[in-house]
Amino acid sequence: MPRSSQLIVSLALLATPLLAQAAPDTPPVQSAMRAATPLPKLGRVKRIGDVALSPDGTRLAWMQQDGKQSVIELADADGHHAQALDVGAKLADCSKSDLAWSPDSRGIAFIANCGHDLTNTEAMHMDVYLADVAGKAAPRELAKLAGYARALAWTANGKSLGFLYVPGATRRAAATAAGKAQVGVIGEEEHEEIQRVASLDVASGAVHTLTPASIYAYEFGWSPDGSRIAYTAAPPPGDNNWWVAKLYVQDANEGAAPRMVVDPATVRGSLHGLQMALPRWSPDGSRIAFIGGLMSDQGSTGGDLYSVPSSGGAPTDLTPGITVTPQWFAWAGKDALTVSQNAKGKVQLVRYDIQGGKATAQAPYFTVSASIGSGGAVLAVSLSADHKRVAFQQSSFEHAPEVHAGKLDGTPPPAVTSLNAGLKPDWGKAVSVEWKNEGRDVQGWLLYPVNYDPHKTYPMIVSVHGGPAAAVTSRWPGMGAMYAASGYFQFMPNPRGSFGQGEAFVQANRKDFGYGDLRDILAGIDAVEKMAPVDDHRLGLTGWSYGGFMSMFAPTQTHRFRAAVAGAGLSDWQSYYGENRIDQWMIPYFGASLYDDPAPYAKSSAINFVKNVKTPTLIVVGDRDEECPAPQSFEYWHALKTLGVPTQLVVYPNEGHAFSNPAHRNDELQRSLDWFAKYLPASK
């Protein structure tokens with residue numbers, strides 16, 4: 001399902017650049033009333049993209065958004081002598097991504113995208129470049145690609161670059177992107193956009209598609225000698241079938257036959273029926289490690305660490321029963337992994353030693369109450385080849401994003417940039433809140449209102465993350481703190497189903513959407529009210545995606561919430577099963593298809609209890625949302641309208657699950673503020 005507040009909300013809410021006006025062909029829908037808005041000052045942050053440490057550990061590169069330009073910065077490993085890479089006038093206004101250092105640390109490859117199509121309908125063109133970091137010549141164009149490309153990765157010998165490639169693409173390869181219009185003969189498209197693993201010969205510029213067109217590849221890794229690839233893949237359509245992907249190995253040659261190594265649908269044990277991510281070869285090529293678990297979205301990775309012989313065999317769960325969530329890893333030696341993990345809302349970087357089919361965590365290198373990321377992935381880091389140095393982007397509720405880099409020696413690496421040093425939070429303090437409910441430990445984050453006065457009582461808005469397999473961690477929220485910046489307490493719980501407390505906690509809401517997790521949230525509200533002056537008669541509820549579902553479902557079960565904003569939600573799991581384009585994710589959660597067992601779907605459908613709703617609700621959605629289609633919002637809106645409950649539905653054109661038009665994102669944010677200002681004012 002839709003991604004988390006760390007992913008979807010960061011796309012649709014937190015990472016919103018403010019524009020003076022909308023694109024001329026897609027003007028925002030104007031609200032009848034406008035609350036005093038903190039949005040302009042919340043959008044001041046300078047954004048950091050990919051962070052990449054050179055293999056020899058001496059150089060550092062990162063992407064930086066400078067106004068409308070994306071700039072590649074190069075510096076020493078400690079951040080000194082930073083300067084922008086001269087890419088020439090041709091590439092100055094192009095977006096750049098996927099920084100990848102050559103194995104000899106002399107060059108850095110990247111992908112340039114000079115298109116600016118907000119409709120996801122035009123043919124894409126992306127180019128691969130290589131810059132000599134020691135020279136003064138402009139980056140060399142290695143290949144022009146008619147399609148979508150991402151995830152650059154070098155072979156160890158430096159002769160080839162691998163990447164994921166969708167020839168002829170008109171949209172990003174993601175279910176969160178705006179889907180194609182559903183017109184004509186449905187499900188029988190002549191041209192299916194297939195993502196494949198491709199390789200680029202650096203010397204000649206020749207591009208080879210390695211994986212067959214009959215399967216859609218999601219992630220891949222090179223073998224140590226570059227002769228083979230491991231990848232996860234499933235039959236098309238790619239947006240729908242990530243949840244049933246298998247692990248394959250094949251020779252790194254065009255036309256080579258893939259060999260299936262792991263099929264979660266048939267394997268026995270803890271991986272059965274679950275998902276896989278991040279296939280990575282061991283240094284000797286004998287094994288492939290991956291993360292396996294119940295994951296509601298591609299890219300929202302979390303679970304146990306697994307290993308399987310690269311020649312095939314039964315996968316081994318290396319970390320059964322752990323009470324943290326590994327979300328990224330890299331091999332640190334023949335029998336060791338460097339792992340980035342969520343530990344009850346905090347982030348840890350840890351070494352796991354493997355012995356006898358079990359991986360044991362050592363004392364963490366560091367634990368931070370912050371969020372880290374590199375290369376566009378949550379909790380990913382960039383490591384030198386010897387794993388003695390590390391780099392990543394870091395932010396928290398207190399500190400805006402900066403590049404952090406240093407030795408991997410037991411202390412968190414310091415910030416080596418000061419891009420946002422002058423920014424201070426426009427919201428109150430942030431605290432981690434922990435409580436118990438039904439025998440479980442639960443955790444969440446509470447933002448205090450700006451200009452907090454302990455002698456006053458305040459309303460509180462509860463923001464439920466998407467997923468549900470995801471989590472809120474401490475990160476610079478930007479627009480995501482707009483409620484706290486407007487005078488509200490803002491509570492962001494991580495109820496059962498979330499990452500951070502092990503796989504059993506993630507799986508605790510299977511066949512139970514809206515019940516146990518809602519009880520966790522309500523117990524969390526009670527815990528907050530014991531520690532902060534929150535007025536229980538002035539509670540609001542909001543969320544996007546799974547949080548949008550909860551914003552529709554919770555008011556059918558309780559009248560504690562006096563106003564709600566449901567973003568890209570869903571109201572009827574039964575009709576949703578036939579409307580969405582990612583139905584494969586539902587089987588692991590509901591246990592069977594709607595047609596085989598409708599009871600769990602009916603049990604969690606807000607529409608079946610909608611006559612209980614008294615909560616004024618704003619509903620927003622994109623008209624081309626594949627994950628939570630607009631008809632779900634129409635259903636809920638129609639019901640509330642019929643029942644006389646105050647409601648408004650706003651549908652944004654050419655938008656998918658993650659809005660791409662900044663004007664639409666800004667309009668949706670402002671409407672949310674307006675709605676709560678009307679029905680749940682910050683001051684009495």
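The values are calculated or read from the model by the stated rules, or taken from the named source; none is laboratory data. The shown structure was predicted, so the numbers you read here are calculated from the model rather than taken from an experiment. Here Cβ is always computed from backbone atoms with ideal geometry, including for glycine, and neighbour counts include all displayed protein chains.
Residue by residue through region 84-112, note down the ones that are in a strand (DSSP E or B) and surrounded by fewer than 19 Cβ atoms within 10 Å (Cβ to Cβ).
The first filter runs over region 84-112 and keeps only residues in a strand (DSSP E or B), leaving 84, 95-101, 107-112.
Matches in region 84-112: Ala84, Ser95.
For the structure I just gave you, tell me whether Pro258 is surrounded by fewer than 19 Cβ atoms within 10 Å (Cβ to Cβ), touching a Phe, Trp or Tyr at 6+ places or on another chain (Cβ under 8 Å) and either touching a residue at least 24 places away in the same chain (Cβ under 8 Å) or under 29 Å from Thr319 (Cβ atoms) (or both). If you could, list the steps in order and put the result at the bottom.
On the way: surrounded by fewer than 19 Cβ atoms within 10 Å (Cβ to Cβ): no; touching a Phe, Trp or Tyr at 6+ places or on another chain (Cβ under 8 Å): yes; either touching a residue at least 24 places away in the same chain (Cβ under 8 Å) or under 29 Å from Thr319 (Cβ atoms) (or both): yes.
Criteria not met by Pro258.
Return the only residue of Gly444, Gly428, Gly375, Gly439 being of a type outside the set (Val, Ile, Thr), at positive phi and touching a residue at least 40 places away in the same chain (Cβ under 8 Å). Walk me through it before giving the result.
Working: Gly444 fails: at positive phi; Gly428 fails: at positive phi; Gly439 fails: touching a residue at least 40 places away in the same chain (Cβ under 8 Å).
Just a single option satisfies the conditions, and that option is Gly375.
Which pairs turn up if I take residues in region 634-653 that are assigned by TED's automatic domain parsing to the domain that holds Val620 and look for partners that are aliphatic (A, V, I, L, M) and at pLDDT below 95 with beta carbon separation below 8 Å, at least 6 apart in sequence or on another chain?
The qualifying pairs are Val650/Val29; Tyr652/Val29.
Which of the residues that make up region 645-672 are touching a helix residue (DSSP H, G or I) at 6+ places or on another chain (Cβ under 6 Å), under 22 Å from Ala481 (Cβ atoms) and among the aliphatic types (A, V, I, L, M)?
Ala658, Leu669
Out of Val381, Val347, Val416, which single residue is buried (at least 20 other Cβ atoms within 10 Å of the Cβ) and closer than 23 Å to Ser95 by Cα?
Details: Val347 fails: closer than 23 Å to Ser95 by Cα; Val416 fails: closer than 23 Å to Ser95 by Cα.
Of Val381, Val347, Val416, the one residue that is buried (at least 20 other Cβ atoms within 10 Å of the Cβ) and closer than 23 Å to Ser95 by Cα is Val381.
Count, please, the residues in region 184-204 that happen to be touching a residue at least 24 places away in the same chain (Cβ under 8 Å) and part of a loop (DSSP other than H, G, I, E, B).
In the first step, residues of region 184-204 are kept if they are touching a residue at least 24 places away in the same chain (Cβ under 8 Å); the result is 192-203.
Going one step further and asking which of them are part of a loop (DSSP other than H, G, I, E, B), we end up with 192-195, 202-203.
Number of matching residues: 6.
Restricting attention to region 475-524, report how many residues are under 16 Å from Gly547 (Cβ atoms), out of contact with any Phe, Trp or Tyr (no Cβ under 7 Å at 6 or more places or on another chain), among the hydrophobic types (A, V, I, L, M, F, W, C) and outside any loop (DSSP other than H, G, I, E, B).
Qualifying residue count for the region: 5.
Looking at region 118-144, which of the residues that are in contact (Cβ under 8 Å) with a residue 40 or more places away in the chain, part of a loop (DSSP other than H, G, I, E, B) and not β-branched (Val, Ile, Thr) is nearest to Thr58 (Cα to Cα)?
Lys136
With (1) in contact (Cβ under 8 Å) with a residue 60 or more places away in the chain; (2) farther than 30 Å from Leu271 by Cα; (3) in contact with a strand residue (DSSP E or B) (Cβ under 8 Å, 6 or more places away or on another chain) as the list, and Phe491 as the residue in question, which single condition is left unmet?
The one condition Phe491 does not meet is (1).
Being within 24 Å of the chain's Cα centre (by Cα), of a type in the set (Gly, Ala, Ser), surrounded by fewer than 17 Cβ atoms within 10 Å (Cβ to Cβ) and part of a strand (DSSP E or B): is that true of Ser432 here?
Numbers: within 24 Å of the chain's Cα centre (by Cα): yes; of a type in the set (Gly, Ala, Ser): yes; surrounded by fewer than 17 Cβ atoms within 10 Å (Cβ to Cβ): yes; part of a strand (DSSP E or B): yes.
So Ser432 fits the description; yes.
Could you list, in sequence order, all residues of region 205-220 that are buried (at least 22 other Cβ atoms within 10 Å of the Cβ), of a type outside the set (A, V, I, L, M) and either touching a residue at least 40 places away in the same chain (Cβ under 8 Å) or over 22 Å from Gly312 (Cβ atoms) (or both)?
Result: Thr211, Tyr218, Glu219, Phe220.
Among the listed residues Val416, Val450, Val472, Val431, which satisfies the condition of being at pLDDT 95 or above and touching a His at 6+ places or on another chain (Cβ under 6 Å)? Spell out how you get there, then give the answer.
Numbers: Val416 fails: touching a His at 6+ places or on another chain (Cβ under 6 Å); Val450 fails: touching a His at 6+ places or on another chain (Cβ under 6 Å); Val431 fails: touching a His at 6+ places or on another chain (Cβ under 6 Å).
Only one candidate passes the filter, namely Val472.
Which one of these is closer than 19 Å to Met586 by Cβ, hydrophobic (A, V, I, L, M, F, W, C) and free of Cβ contacts under 8 Å to residues at least 60 places away in the same chain: Phe553, Phe513?
Values: Phe513 fails: free of Cβ contacts under 8 Å to residues at least 60 places away in the same chain.
Going through Phe553, Phe513 in turn, the sole match is Phe553.
When you scan region 262-348 for strands (runs of 3 or more DSSP E) that lie fully inside it, which ones turn up with 1 or more residues that are small (Gly, Ala, Ser), in contact with a Phe, Trp or Tyr (Cβ under 6 Å, 6 or more places away or on another chain) and over 29 Å from Val431 (Cα atoms)?
Working: elements: 275-281, 287-293, 304-309, 325-333, 336-343.
Result: 287-293.
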